[in-house]
Structure formats: C-alpha cells, structure tokens
Amino acid sequence: MLLLLSGCFMLPGTETPVAIGVGGLPQEDCGGMSVAALYVELQGVDAQDELATSVEWRLASEDWEDAECGDESCTWWVAGYDVSGDMEVRGAISGEVQDLPGCEHIAFDEVRVTVEDDGCHPITEEIALVLDPEAIECDTGN
C-alpha cells in the first residue's frame with residue numbers, strides 16, 4: 001500500500017525546503033491550495049436534537065485525527081486535506097435523554113474508503129455515516 005502525503009521536504013542537493021503536493025509534484029505546479037479528501041455527512045442527526053456529534057479519520061492504521069465541522073450544526077464534516085490512500089472514518093452522537101435520567105443517546109458508524117489522487121490533490125469523496133439518534137444506553141446501577 002502506498003500512502004501519499006504533502007508537505008515541505010528537504011530534497012537531496014537542495015538548501016531550502018520544497019513544498020510537495022500529494023502526487024509528488026512541486027506544490028506550485030499543483031496550484032498551492034489544500035483540497036479536502038472526504039466530505040462526511042452525518043445522517044439521522046437533527047440540529048434541534050442538541051446532541052454532541054464527532055467525526056474522526058485516519059490513514060491506514062495511523063493515529064485518529066478529528067475531522068473539521070463543516071457547518072454551524074455539524075451535520076457535515078471535512079476529513080483530511082491533501083491526503084490520499086486507504087482511510088477509515090467514524091462518527092458518533094451522544095447526549096442525555098430528556099425524560100429518562102441516567103440514559104444517554106449513543107450511536108456510532110464507521111466506514112473505510114480509498115481516496116484516489118490526480119497527481120496533485122486528492123479526488124474528494126463524499127460519504128455518509130448513518131447514526132440512529134433513537135439508540136439509547138442506560139446506567140442500570142449494576
């Protein structure tokens with residue numbers, strides 16, 4: 001498996017760092033802008049529910065990173081910029097159940113996706129995570 005990252009690198013025979021795009025081309029040849037790898041929609045989440053939402057992503061078996069909330073109510077997210085390869089994305093909702101003390105809404109979904117690149121930037125994928133806000137978990141005191 002090949003993972004492609006962008007950044008500034010010291011190349012052999014150079015004295016200053018060179019910005020490299022996702023596909024290995026100099027960043028200036030790629031337009032110098034960052035491109036999202038994934039847009040993640042959270043389905044089943046309503047802004048009026050006042051539930052906490054979260055989305056995380058990672059490349060292959062790297063450390064999990066927080067995705068960026070894409071709108072005021074966090075119903076869609078951006079997972080990774082200028083990365084491509086095999087990615088895992090997971091989302092969750094949580095919050096107290098209004099009429100059931102000791103109970104919480106809890107829902108979770110996870111997907112794997114391969115993000116391709118065009119030689120400079122990732123080809124942005126759109127995915128949906130389906131979360132059931134009716135799923136609850138209660139502390140029974142045991």
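What the table below lists for this structure:
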item: Asp118 long-range amide H proximity, modeled H, under 5 Å; result: Ile123
item: Where labels lie 7 Å past Cα in the beta-carbon direction, separation of Glu68 and Cys138 in nm; result: 4.2
item: Local electrostatic count, Glu110, Cβ distance below 13 Å [Lys/Arg +1, Asp/Glu -1]; result: 0
item: At R0 = 35 Å, FRET efficiency that the Cβ-Cβ distance of Glu126 and Asp99 yields, to 0.05; result: 0.45
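Values quoted throughout were computed directly from the atomic coordinates according to the rules given, and no laboratory measurement underlies them. The shown structure was predicted, so the numbers you read here are calculated from the model rather than taken from an experiment. FYI the Cβ positions are ideal-geometry reconstructions off the backbone, even for glycines, and counts take in every protein chain you see.
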